[in-house]
Amino acid sequence: LREQTEALLELPRLSIEGLMCIPPQAVESEDSRKFFVQVRGLRDSLEKEFSMKLSQLSMGMTQDYQIGIEEGATLVRVGTAIFGERRARKGNL
């Protein structure tokens, strides 16, 4: 990860604002917590190691956004709560 981060930081037109996490779909929302904790820890490590500020932490979707917020999310994705479940289109799984 160190090499990839260094390479990204060398790109003059790229601004890294934070990290995003989409954990595996789980039956219980609490199961997402361990992934959110890991991503927050990764963010903290990257900030320290590279002297950078990663102010955005996008974690949590409709089923687990509360856990994401508890673990420090600054952005959550709740489209299903607003628009409902997606319907499968012909040809899609």
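The values are calculated or read from the model by the stated rules, or taken from the named source; none is laboratory data. Since this is a predicted model, take the numbers as computed values, not measurements. Every residue, glycine among them, receives a Cβ derived from its backbone with ideal geometry; neighbour counts consider all protein chains shown. The area values use the complete protein model at the heavy-atom level, side chains included, leaving out ligands, DNA and RNA. Shrake-Rupley method; radii C 1.70, N 1.55, O 1.52, S 1.80 Å.
Some values worked out for this structure:
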item: List L1, L11, L19, ordered by accessible area with a 1.4 Å probe, largest first; result: L1, L11, L19
item: Of R77, R40, R13, the one that fluctuates the most in a GNM where the chain has Cα springs shorter than 10 Å; result: R13
item: Candidate residues K34, K90, K53, K48: accessible-area rank, largest first, probe 1.4 Å; result: K90, K48, K53, K34
item: Low-density loop cleavage sites - GluC sites (Glu not before Pro) in the range 19-66, where at most 12 other Cβ are within 10 Å (DSSP); result: E28
item: Probe 1.4 Å, accessible area per residue of the chain, Å²; result: 78 Å²
item: Relative contact order (percent, whole number), the chain, Cα cutoff 8 Å, 6+ residue spacing; result: 24 percent
item: Crossing angle, helix 33-50 versus the chain [Cα axis fit, 0-90 degrees, rounded to tens]; result: 20 degrees
item: Percent accessible area from carbon and sulfur atoms, the chain, protein chains only, probe 1.4 Å; result: 53 percent
item: Computed helical MRE - 222 nm, the chain, DSSP H runs ≥ 4 contributing -39500 (n - 2.57), nearest 500; result: -11500 deg cm²/dmol
item: Solvent exposure, largest accessible area first (probe 1.4 Å, DNA, RNA and ligands not counted), of E6, E71; result: E6, E71
item: Whole-number D in µm²/s for the range 1-82 (Stokes-Einstein; Kirkwood sum over Cα pairs; 20 °C, 1.002 mPa s); result: 159 µm²/s
